[in-house]
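The structure under discussion appears below in the form of structure tokens.
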Amino acid sequence: MQSIYLAIPLAPLLGAMIAGFFGWKIGRTASHIAAITGVAVAFVLSVIVFKHIVIDAAEPFNGTVYTWMVSNGINFQIGFLIDKLTAVMLIVVTFVSLMVHIYTIGYMHDDPGYQRFFSYIALFTFSMLMLVMSNNFLQLFFGWEAVGLVSYLLIGFWYKKPTAIYANLKAFLVNRVGDFGFLLGIAAVLMYTGSLDYAEVFKQAPSLSGRTMEIFDGHAWSILTVTCILLFIGAMGKSAQVPLHVWLPDSMEGPTPISALIHAATMVTAGIFMVARMSPLFELTETALSFVLVIGATTALFMGFLGLVQNDIKRVVAYSTLSQLGYMTVALGVSAYSAGIFHLMTHAFFKALLFLGAGAVIIAMHHEQDMRKMGGLRKYMPITWITSLIGSLALIGTPGFAGFYSKDAIIVAVRESSLAGAGYAYMAVLIGVFITALYSFRMYFMVFHGKERMDDHTREHLHECSKVVTVPLILLAIPSVIAGAIFVDQMAFGGFFGSAIVVDESHRIATEVTHHFDSWWGLILHSFADYPVYLAAGGVFTAWFLYMKRPDLPDMIQQRFALVHKVLVNKYGFDRFNEIVFAGGSRLLGGMFWRVGDEKLIDGLVVNGSAKSIGWFSSIARRFQSGYLYHYAFVMIIGLLLLLTWIVFR
Amino acid sequence: MNNEMAVIEMPNLALVMPEMFLLGMTCVLLVLDLFLNDRNRIITYLLAQLTLFGAVVITFSQMGGEAVTGFSGSFVRDSMGDILKIFIYVVTAIVFLYSRQYLQLRNMFRGEYYALGLFGVLGMMIMVSAHSFLTVYLGLELLSLSLYSMVALNRDSEASTEAAMKYFVLGAMASGMLLYGMSMIYGITGSLDIKEVGSYIANNGANNIILSFGLVFVVVGLAFKLGAVPFHMWVPDIYQGAQTPVTLYLGAAPKIAAFAMVMRLLVDGMEALYVDWQQMLTIMAVLSLALGNVVAIAQTNIKRMLAYSTISHVGFLLLGIIAAGPDGYSASMFYVLIYALMSTGAFGMIILLSRAGFEADTLDDFKGLNERSKWYAFIMLLIMFSMAGVPPTVGFFAKLWVLEAVLNVDMVWLAAVAVLFSVIGAYYYIRIVKLMYFDKAEDNSVIVADVDLKVVVSANGILMLVLGLFPGMLMAVCQQVLA
């Protein structure tokens, strides 16, 4: 099995290298064949691993592949930890990635950077696989940064577009904040356990609980709480939680396949995965869990509101992603890790589907993304229409669809939790259900139904996209429907993940609610006795009423509640705040450092000064090198005499 | 009576198989070369390579096991020696390979270069395996005499003959001092055997002024061979004056032999005087780091720049020996092996860029190399990064381990000095990178070279990266042989 594990990340890497280094030579088709083959191999092998680990219930594998170096007793190594958590992530990552690879053939068809694009996404797949397969913090960090790098490259893929460059810089900088916390967290882990290996760290973790550290005199903080919050700050950056969410909507400047793969299905869920992986640490500190819970709930609710006022089709899906990431984070906060990962999985399928559907619409509309110029597309694009409808139904949690099970599991878990902030979180996730349904179907109705608002020229050219686009849509629609029912028994409530996820006895709500349900079918029946289904239905109805029945109403509401609308359009002012305080502040500070520190002190005194003095010294020393033999002999004799004198008089 | 007769023991000839093989083959080469005309000279070259290859095979087959002394205790075969010898052969083989085309293009493709080169290798082997002061001296002189003549190989060149003259006079002085120091130590201890000298000093105390004086003279001799400040004055002139293939030869393998000499004389022989030589080496290491790195900045000739760079590398090499203990020695050994490979790589690039009537030995010749050949610019970048100690090239690990050894004996200030001067040193390595990538090429001629040269130079550069990614194996070997 070990060679299979090794082959999983290396196959996409090989594909990336072929497409990247030799793409210019071997041409477009060969490049995409190389990249797709690499990812397809990884997918097939992942299925084998999934069968081995999950279905055959083999022992988790934990082993080192290669030790890079040993410094001060700390091992820096590449190693794999393959348990059920990893196996699920492998399937999700490679499947969605494969779909997106195929879809890209159609989406990027006319782009001059075709080979570069394939090289990047295959490289992304490699990085993401390294991240999820890691058995130590260093490799986790490597994968973490590598996916960040590829995300940066891909958001700015159209590097001649100023908005894309602005967006990728923003993503990069905001992630720096998160990664800084993450790195500090890893450093704290290393400092207090002396190891970077998961198994070793988790073994030592219980002995750390109760111990404190003092960063500021007189304030004793629990080591584990500080460490976990620092690690979670990393997750907040990568998984776009408030207030580090600002980069994700802007990242929509990148090509749509990327938005589907990186900014919806996989990379942004790395933070969720990481916290679930670190469950043995987080379980020991309720303060950190509460922190996670509140941040997640805030993201889930308030980012959902923003989806209501967006007119760009991709941005609506982006805000929906933010809100769903909030749901997952909430699940982590109430120790329902398996429910969080379950939602991660179903979300990966239906959100990738929605993004790719939006991409198909964008292709058909000749890169028009404004929903106000769409409408009635269902006639022209039946496959896109049906699959998008399935995606939306899954997203809002229609009973029977994948999203229903995972979201319901989270809501139930929050309801049962007694953690500080659970009440607030419960309200947030309930209202969130309504909001989700409202913005999802607002988009659905605006795009596929109603009056055709596009210009005549576009209308004449409207048609369904080619097979490479529609086939991934159909393939993604399937798990969006069925993945929930298949896994709900095990994943949402059962001990599916085994030893991979640790839940403290006192937090074990998931098991308490298990007895409510006997099967996936029973769950559907039971749902009608609870709020979420009606909230979702209400949302859909509201959307229908506002955008189909009385399309004049939204404008009226907008005028009546101008202030609220303004706040929402300005995204609560996060962007302006960051722009003025952080960006402006750093520019000011930078300018000051530049003029005083750099120009005067460093350039003037240190650089030029030392360069001058070294240059001066250098020229003096050069003069000693006169070329005369007797000078040289003289220096040797002097050296000898000095050493002798020193031996005598020391 | 019988015991008296046994004083002359039968030497264990199996012990010196590699040396005998090399000597025999070199004599064959010398004679054979007489019967070859210039068109067939390539046979001499191939024979030289074959000789080195044979030596690798023989030494390799002997490897492992305990140290064995022979020839009345004047010769020792041990694992450290075997590894160092193999590196000497390999590095010399690379040097011969790099030099071939250069020599052919300049009508200097003669048997002497290879005969002298092989005699030099023999000298180095003897130095590496010496177990008596006399054997050390013997090996050293054999190497030095070969080097003097090699520097003067192009006897029509004024620069070469001048360099050879300087090298000879200064080298003779240094040899004299070394010999003088040895005689003092012999006077006190009554033995030339390194082990016996060691145990005498350990038993009778180190507080003897004549012994200390002897040590000073020996250290001066060693410092001259290594090129440590203030006994470095010959280095830049000889590096620049000699033909590039000779500089290449002189800059790489002899440093490995010099390291062996330091290990044999100071560590094996006079470890009891540790405090004395540690302090002397510290002074020389700091001076070497400072002078080597700083003066290199002012150079415009790349050979001269590399000469100063050598001086600074010697400073680093000494740090490991100063730190002492298995960690320090193995770090130093790792450093010297890596240094030999880096140095051959750098000179290999100079040879690669040169052609008949054009030496490519000024910094300007590297301008815009990236426009001329992306690949070789990259190879040179790897070598320069390795010399500067930029990860993930192997030069980083070489420096890291030496510094770690120094830190482990709590000489933080020394490590700080070393780091400071490496930062200064990084400037002139990275300047070459800047010249290659950001400046306009002055001549745009295509790089013409034979396939073997191209392949090996590339492999040499890539090796810097590969060893940087997998440094553990070589380091484990170094630790094992010095444990």
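Observations on the structure shown:
- Exclusive hit being in contact with a helix residue (DSSP H, G or I) (Cβ under 7 Å, 6 or more places away or on another chain), at pLDDT below 80 and within 16 Å of A:Phe404 (Cβ to Cβ), set A:Leu523, A:Leu535: A:Leu523
- No other residue among B:Val457, B:Val419, B:Val412 is over 25 Å from the mean Cα position of the chain (by Cα), away from every other protein chain (no Cβ under 14 Å) and of a type outside the set (Asp, Glu) apart from B:Val412.
Quick grid of which residues meet (1) farther than 30 Å from A:Ile557 by Cα; (2) of a type in the set (Ser, Thr, Tyr):
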| site | (1), (2) |
| --- | --- |
| A:Ile223 | yes, no |
| A:Thr227 | yes, yes |
| A:Leu231 | yes, no |
| A:Ser239 | yes, yes |
| A:Ile258 | yes, no |
| A:Leu284 | yes, no |
| A:Thr299 | no, yes |
| A:Leu306 | no, no |
| A:Arg315 | no, no |
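- Within the stretch A:237-258, the residues that satisfy the criterion of being in contact with an Asp or Glu (Cβ under 9 Å, 6 or more places away or on another chain) and either in a loop (DSSP other than H, G, I, E, B) or under 19 Å from A:Val93 (Cβ atoms) (or both) are A:Lys238, A:Val246, A:Pro255.
- Residue check, A:Leu605 farther than 23 Å from A:Phe305 by Cβ, out of contact with any Ser or Thr (no Cβ under 6 Å at 6 or more places or on another chain) and either facing another protein chain (nearest Cβ under 10 Å) or free of Cβ contacts under 8 Å to residues at least 60 places away in the same chain (or both): yes
- Restricting attention to the stretch A:183-232, the residues that are under 28 Å from A:Leu244 (Cβ atoms), touching a helix residue (DSSP H, G or I) at 6+ places or on another chain (Cβ under 6 Å) and hydroxyl-bearing (Ser, Thr, Tyr) total 5.
- Scanning the stretch B:356-397 for residues that are of a type in the set (Lys, Arg) and away from chain A (no Cβ under 14 Å) turns up B:Lys367, B:Arg372.
- Residue within the stretch B:226-244 that is within 13 Å of chain A (Cβ to nearest Cβ), small (Gly, Ala, Ser) and assigned to a helix (DSSP H, G or I) present: yes
- Verdict on A:Phe593 being surrounded by 14 or more Cβ atoms within 10 Å (Cβ to Cβ), within 30 Å of A:Val174 (Cα to Cα) and either at pLDDT 75 or above or facing another protein chain (nearest Cβ under 9 Å) (or both): yes
- Residue within the stretch A:46-53 that is more than 26 Å from the chain's Cα centre (by Cα) and touching a residue at least 24 places away in the same chain (Cβ under 8 Å) present: yes
- Residue satisfying all of: in the stretch A:54-69; assigned to a strand (DSSP E or B) and away from chain B (no Cβ under 14 Å); farthest from B:Leu474 (Cα to Cα) among these: A:Phe61
- Evaluation of B:Met280 against (1) away from chain A (no Cβ under 14 Å); (2) part of a helix (DSSP H, G or I) (one fails), failing number: (1)
- Any hit, the stretch A:210-220, residues being touching a residue at least 40 places away in the same chain (Cβ under 8 Å) and out of contact with any Pro (no Cβ under 8 Å at 6 or more places or on another chain): no
- Residues satisfying the stated conditions in the stretch A:76-111, i.e. touching a Leu at 6+ places or on another chain (Cβ under 7 Å) and more than 17 Å from A:Ala11 (Cα to Cα): A:Phe76, A:Tyr103
- Test: B:Ser288 is of a type outside the set (A, V, I, L, M, F, W, C) and under 18 Å from B:Trp413 (Cα atoms): yes
- Residue match in the stretch A:289-307 (condition: closer than 26 Å to A:Ser207 by Cβ, in contact with a Phe, Trp or Tyr (Cβ under 7 Å, 6 or more places away or on another chain) and buried (at least 24 other Cβ atoms within 10 Å of the Cβ)): yes
- Those residues of the stretch B:320-340 which are buried (at least 22 other Cβ atoms within 10 Å of the Cβ) and either of a type outside the set (Gly, Ala, Ser) or in contact with a His (Cβ under 6 Å, 6 or more places away or on another chain) (or both), in sequence order: B:Ile321, B:Ile322, B:Tyr329, B:Met333, B:Phe334, B:Tyr335, B:Val336, B:Leu337, B:Ile338, B:Tyr339
- Selection count where residues are under 12 Å from B:Val229 (Cβ atoms) and either more than 8 Å from chain B (Cβ to nearest Cβ) or among the small types (Gly, Ala, Ser) (or both), scope the stretch A:631-641: 1
- Some residue of the stretch B:52-75 being of a type in the set (D, E, K, R) and within 26 Å of B:Leu116 (Cα to Cα): no
- Residue among B:Ala202, B:Ala285, B:Ala258, B:Ala307 that alone is away from chain A (no Cβ under 14 Å), at pLDDT 90 or above, in a helix (DSSP H, G or I) and touching a helix residue (DSSP H, G or I) at 6+ places or on another chain (Cβ under 6 Å): B:Ala258
- Matching entry among B:Leu400, B:Leu407 (being surrounded by fewer than 16 Cβ atoms within 10 Å (Cβ to Cβ), modelled with pLDDT of 90 or more and within 13 Å of chain A (Cβ to nearest Cβ)): B:Leu407
- The criterion of at least 3 residues that are closer than 26 Å to B:Ile311 by Cα is met by the following helices (runs of 4 or more DSSP H) wholly inside the stretch B:358-471: B:374-388, B:394-408, B:412-438, B:451-469.
- The residues of the stretch B:151-169 that are under 22 Å from the mean Cα position of the chain (by Cα), surrounded by fewer than 21 Cβ atoms within 10 Å (Cβ to Cβ) and within 11 Å of chain A (Cβ to nearest Cβ), listed by number, are B:Met165, B:Phe168, B:Val169.
- Pair list, Cβ < 8 Å and 6+ apart or interchain, from the stretch B:339-358 residues that are touching a residue at least 40 places away in the same chain (Cβ under 8 Å) and farther than 13 Å from B:Met387 by Cβ to residues that are among the basic types (Lys, Arg) and part of a loop (DSSP other than H, G, I, E, B): B:Ala356/B:Arg106
- Breaking point among (1) in contact with a helix residue (DSSP H, G or I) (Cβ under 8 Å, 6 or more places away or on another chain); (2) within 14 Å of another protein chain (Cβ to nearest Cβ), for A:Asn570: (2)
- Some residue of the stretch A:340-352 being touching a strand residue (DSSP E or B) at 6+ places or on another chain (Cβ under 7 Å) and not in a strand (DSSP E or B): no
- Failed item in (1) closer than 25 Å to A:Leu643 by Cα; (2) away from chain A (no Cβ under 14 Å); (3) surrounded by 16 or more Cβ atoms within 10 Å (Cβ to Cβ); (4) at pLDDT below 90, with B:Met182 passing the rest: (4)
The values are calculated or read from the model by the stated rules, or taken from the named source; none is laboratory data. Please read all numbers here as calculations on a predicted model, not as lab measurements. Don't worry about glycine lacking a Cβ; one is built from the backbone with ideal geometry, like all the others, and counts go over all protein chains shown.
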